[in-house]
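The values are calculated or read from the model by the stated rules, or taken from the named source; none is laboratory data. Not measured: the values here are computed from a predicted model. All Cβ positions, even for glycine, are placed from backbone atoms using ideal geometry, and neighbour counts span all protein chains on display. We work out accessible area using only protein heavy atoms, side chains counted, and drop any ligands, DNA or RNA first. Shrake-Rupley method; radii C 1.70, N 1.55, O 1.52, S 1.80 Å.
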Amino acid sequence: MTARRERDYSLGPQVRAAIHRTVSAYTESDVTYRDDRDEIGKEEGAPVKTKVFDRRTFLRVSALSGGGVLLAYYVVPIARDFAAQTQGPPQMALAPSAFIRITPDGAVTIKAKNPEIGQGVKTHLPMIIADELDVDWKDVRIEQADLDESKYGPQRAGGSTATPVNWDPLRQVGAAGRQMFVTAAAQTWAVPESECQASSGRVLHQPTKRTLGYGALTAKVATLTPPDLKKVRLKDPKDYKIIGQPTPGVDNARIVAGKPVHSIDFRVPGMLWAAYEKCPVFAGKVLSANLDEIKTMPGVRHAFVIAGTQELLGLHGGVAIVADSWWQAHTARQKLQVKWDEGPTAKQSSEGFARRAEELSQQPPAFALRSDGNADAALQSAAKVVEGAYFYPFLAHAPLEPQNCLAHFKDGKLEFWSPSQTPESGRQQVAKLLGIPASDITVHLMRAGGGFGRRLTNDYMLEAAWIAKVVGVPVKLLWTREDDFHHDHYRPAGFHFLKGGLDTSGKLVAWRNHFVSFGEGQRFAPQANIPQNEFPGTFLPNFFFGATLMPLGVPTYALRAPRSNAYSWVFQSFIDELAHAAGKDPVQFRLELLSAPRVAYPSAQLSPIEYDLDAARMRGVLELVAEKSSWGSRKLPKGTAMGVAFQFSHRGYFAEVAEVRVDANSGVKVNKVWVAGDIGSQIINASNAVNMVQGAIIEGLSHVMAYEITIDRGRAVQSNFHEYPPVRMDQVPPEIEVHFLRTENSPTGLGEPALPPILSAVCNAIFAATGKRIRSLPLSKHGFSWA
């Protein structure tokens, strides 16, 4: 067994976690609340054993008018590392990534820099600063920062990047602040700094037991030269008082009290409301509309056509209706009659894609993503060959809060209140669209009622910006639920035609995959690609991974655990097929694969976002989950079985076991799920970490059972949750047992990596229980339902 240090965060039965996917976008699962508080990336990542950024840093200290001190941490990221961590363009300008404000009365305010979308960063990033600063969490107030990457550094929510990007910088700024208060106290008392120590927002002089609060020292601190951040002494983890503790979200009390904290709730005086009708076929254009009739309807102030742009993820053409109330705008929209030019996408359909994929599977792949050895020759000489054709559908994001945005265009400048996950990208897109300087656009970051990747793109900001520029007053754009389903940027569908070869001992000796996806030539549609080194790539001497792309007029982008949320189900299911064909235990088969010699290849073959899997870390979580679930040692009743899967996703290592019962009517009940994860040396917020993992499992169960978006005549068929049903509370496993394996690696994020394995773990368990192998999703198409 792999040597390990384990921290067990198992909470036992957690039925209330069922609401995470559909409700916890609005509130975390903790139920101990604290009043008067104001209450987050993207490709797979490797172990982060050193600082995420190679940086030049310094701490800026400023005195506040009226007393107090402001500490700002400045960082200049190296372009390569920044791009690798955030999958965005490098920002080379000088930029602080965190602020602390302390006033003479001792009040401590910490800025939350990143967008909060339900993943808890508004709480856990300030926790890092507060612990190193040595203040009590109960005395800290959190303020949401506005968008200003020249001050705060990257401000985005996605790809589980918040922790790895900010762990070192935020600890350093907190530690530097603590050191400065110790220095200020020592100088005040004319004593050596070595005789002083900080705790709970006060500095103690050990020999005399004198103390001074941070508030009393702010004026002195403002005169000091900041320390070299590379030399500040960080706390020993054993001395953490806040980091690692279960900490309720800072907005929880307001959320459960029904107070307006989300973007959809926000209003400004004199605001109008907007509805926006787009062509049901993606990127269709308006030919004509009954605008004169619409303008006569009650409350309607404006009705006009927007031509839109050519970008599939940009501003689609449509008709805007602006009224005194949203209901008036919506009512007028129902009377709207538009003649559309639907364009060529109207000829596309899910059925057509499936037909074409089958045709292409009979042809050689158009291009190779990776080729090691000679997979075809090895398959010909294999003792046994297993074949499987797999399909996963388009998926919608389906956040509870539909897209919305408030914008005000005045005197050539634009002000936004936006729930965007990538507000700077949105700002730049709007600047280009309207032809105004980005510096004339202000963006206030609003708490989102879920994102799951949908708000990584900013079409709703573009719509709101155009409408606001026309009407010249504050205007709130609000989509309907049907808009959200019909105009999503979907998780791409995909087709895999697989072959695996086994030798006489049951060892996997060859793997061949013809991946039929979407795009043009060799350029994949957004988020439709797969890393060329994805497991079991580099673990087999004979491995071929080829692709053929089909044109697509449907907009696609990242869904929670981008890409791995789909292909992990394929690969981990097919590995299970191979294990059974080999007559081997599925856990042992995977451990043997992970222990195989790696195929050498130049690191230059990997792009900055194609990090490599650490086999020892994956073996560690696989062994741990097998141990915790008593894999192979429990006698289960007929119709009940266990399935296993693992995935390296977004720098996180997760292995999961599902115990599943299938009744005579194909009713499925997931009795229990065991999860083992390795996200490095430290869990920052213990309760939110468990909440994130359980929520990922629950969302994955929705993916596997019922989620599917069908394209017909260029349109999304499904319109609301009755056609796209998420898992319900009584369908969730009574127990989701979470264990974290602590390893000597820098902490990484939790928004994504726990989701992918659950799909294949459930399907592998269904096979073990029934003998039915699932090669296409969702399960509901095969006659299964929740028991």
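Structure values in brief
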{"read-out": "The lone exception for S719 - which of (1) among the small types (G, A, S); (2) within 21 Å of the chain's Cα centre (by Cα); (3) closer than 19 Å to S780 by Cβ; (4) open to solvent by 10 Å² or more (accessible area, probe 1.4 Å) it fails", "value": "(2)"}
{"read-out": "Subset tally (residues that are surrounded by fewer than 15 Cβ atoms within 10 Å (Cβ to Cβ) and of a type outside the set (S, T, Y)) for the range 196-218", "value": "4"}
{"read-out": "Where G667 falls short, out of the listed (1) of a type in the set (G, A, S); (2) open to solvent by less than 10 Å² (accessible area, probe 1.4 Å); (3) more than 16 Å from the chain's Cα centre (by Cα); (4) within 29 Å of I128 (Cβ to Cβ)", "value": "(4)"}
{"read-out": "Test set (1) of a type outside the set (V, I, T); (2) out of contact with any Gly (no Cβ under 9 Å at 6 or more places or on another chain); (3) assigned to a helix (DSSP H, G or I); (4) crowded, with 24+ Cβ neighbours inside 10 Å - Q155 fails condition number", "value": "(3)"}
{"read-out": "Near pairs, Cβ below 7 angstrom, 6+ apart or cross-chain, from the range 525-554 (closer than 18 Å to Y653 by Cβ) to any residue that is in a loop (DSSP other than H, G, I, E, B) and charged (D, E, K, R)", "value": "P531/E44; P531/E610; N533/E610; N533/D612; T538/R598; F539/R598"}
{"read-out": "Subset of the range 492-531 [under 16 Å from F544 (Cα atoms), open to solvent by less than 10 Å² (accessible area, probe 1.4 Å) and either in a loop (DSSP other than H, G, I, E, B) or charged (D, E, K, R) (or both)]", "value": "I530, P531"}
{"read-out": "Residue match in the range 160-167 (condition: outside any helix (DSSP H, G or I), crowded, with 24+ Cβ neighbours inside 10 Å and not hydrophobic (A, V, I, L, M, F, W, C))", "value": "yes"}
{"read-out": "Residues of the range 113-152 that turn out to be part of a helix (DSSP H, G or I) and closer than 17 Å to G751 by Cα, as a count", "value": "5"}
{"read-out": "Members of the range 249-260 found to be open to solvent by 20 Å² or more (accessible area, probe 1.4 Å) and either assigned to a loop (DSSP other than H, G, I, E, B) or of a type in the set (K, R) (or both), listed by number", "value": "R254, A257, G258, K259, P260"}
{"read-out": "First in the range 172-188 and under 14 Å from D131 (Cβ atoms) and open to solvent by 20 Å² or more (accessible area, probe 1.4 Å), second anywhere and modelled with pLDDT of 95 or more and among the polar types (S, T, N, Q), Cβ under 7 Å, 6 or more apart", "value": "none"}
{"read-out": "Any strands (runs of 3 or more DSSP E) falling wholly within the range 393-458 and containing at least 2 residues that are of a type in the set (A, V, I, L, M)", "value": "404-410, 441-445"}
{"read-out": "Single condition L549 does not satisfy, out of (1) outside any loop (DSSP other than H, G, I, E, B); (2) surrounded by 24 or more Cβ atoms within 10 Å (Cβ to Cβ)", "value": "(2)"}
{"read-out": "Residue match in the range 515-526 (condition: closer than 30 Å to E311 by Cα and touching an Asp or Glu at 6+ places or on another chain (Cβ under 9 Å))", "value": "yes"}
{"read-out": "Matching entry among A377, A357 (being surrounded by 20 or more Cβ atoms within 10 Å (Cβ to Cβ), more than 30 Å from A157 (Cα to Cα) and more than 29 Å from the chain's Cα centre (by Cα))", "value": "A357"}
{"read-out": "Test: residue in the range 481-490 that is part of a loop (DSSP other than H, G, I, E, B), at pLDDT 95 or above, over 27 Å from Q428 (Cβ atoms) and open to solvent by less than 10 Å² (accessible area, probe 1.4 Å)", "value": "no"}
{"read-out": "Test: residue in the range 269-288 that is open to solvent by 20 Å² or more (accessible area, probe 1.4 Å), polar (S, T, N, Q) and over 35 Å from the mean Cα position of the chain (by Cα)", "value": "yes"}
{"read-out": "Which listed residue is in contact with a helix residue (DSSP H, G or I) (Cβ under 7 Å, 6 or more places away or on another chain) and modelled with pLDDT of 95 or more, from L552, L594", "value": "L594"}
{"read-out": "Residue tally, condition among the β-branched types (V, I, T), part of a loop (DSSP other than H, G, I, E, B) and over 30 Å from E744 (Cα atoms), over the range 185-237", "value": "4"}
{"read-out": "Pair list, Cβ under 6 Å, 6 or more apart: the range 280-292 residue closer than 10 Å to G318 by Cα, other residue open to solvent by less than 30 Å² (accessible area, probe 1.4 Å) and not aliphatic (A, V, I, L, M)", "value": "A283/H316; K285/G317; V286/G317"}
{"read-out": "Within the range 460-480, tally of residues that are assigned to a helix (DSSP H, G or I) and buried (at least 22 other Cβ atoms within 10 Å of the Cβ)", "value": "9"}
{"read-out": "Residue in the range 728-758 that is modelled with the highest pLDDT, counting only those that are among the hydrophobic types (A, V, I, L, M, F, W, C) and in a helix (DSSP H, G or I)", "value": "I758"}
{"read-out": "Enumeration of residues in the range 634-657 that are outside any loop (DSSP other than H, G, I, E, B), touching a strand residue (DSSP E or B) at 6+ places or on another chain (Cβ under 6 Å) and surrounded by fewer than 24 Cβ atoms within 10 Å (Cβ to Cβ)", "value": "T640"}
{"read-out": "Cβ-Cβ under 8 Å pairs, at least 6 apart or on other chains, the range 379-392 side within 27 Å of A566 (Cβ to Cβ) and at pLDDT 95 or above, far side open to solvent by 20 Å² or more (accessible area, probe 1.4 Å) and among the hydroxyl-bearing types (S, T, Y)", "value": "A389/S361; Y390/S776; F391/S776; Y392/S776"}
{"read-out": "Of the criteria (1) surrounded by fewer than 18 Cβ atoms within 10 Å (Cβ to Cβ); (2) in contact with an Asp or Glu (Cβ under 7 Å, 6 or more places away or on another chain), which one T223 fails", "value": "(2)"}
{"read-out": "Residue tally, condition in a loop (DSSP other than H, G, I, E, B) and either within 18 Å of G314 (Cβ to Cβ) or open to solvent by 10 Å² or more (accessible area, probe 1.4 Å) (or both), over the range 532-546", "value": "6"}
{"read-out": "Criterion: open to solvent by 10 Å² or more (accessible area, probe 1.4 Å) and either closer than 28 Å to G453 by Cα or modelled with pLDDT of 95 or more (or both) - qualifying residue of A768, A761", "value": "A768"}
{"read-out": "Residue satisfying condition, being open to solvent by 20 Å² or more (accessible area, probe 1.4 Å) and within 26 Å of L502 (Cα to Cα), within set S371, S325, S349, S425", "value": "S371"}
{"read-out": "Looking only at the range 552-576, and only at residues there that are hydroxyl-bearing (S, T, Y) and not in a helix (DSSP H, G or I), the one that is nearest to G714 (Cα to Cα)", "value": "T556"}
{"read-out": "Any pair with Cβ under 9 angstrom, 6 or more apart, that starts in the range 343-365 at a residue that is closer than 24 Å to Q718 by Cα and ends at one that is assigned to a loop (DSSP other than H, G, I, E, B) and acidic (D, E)", "value": "S350/E708"}
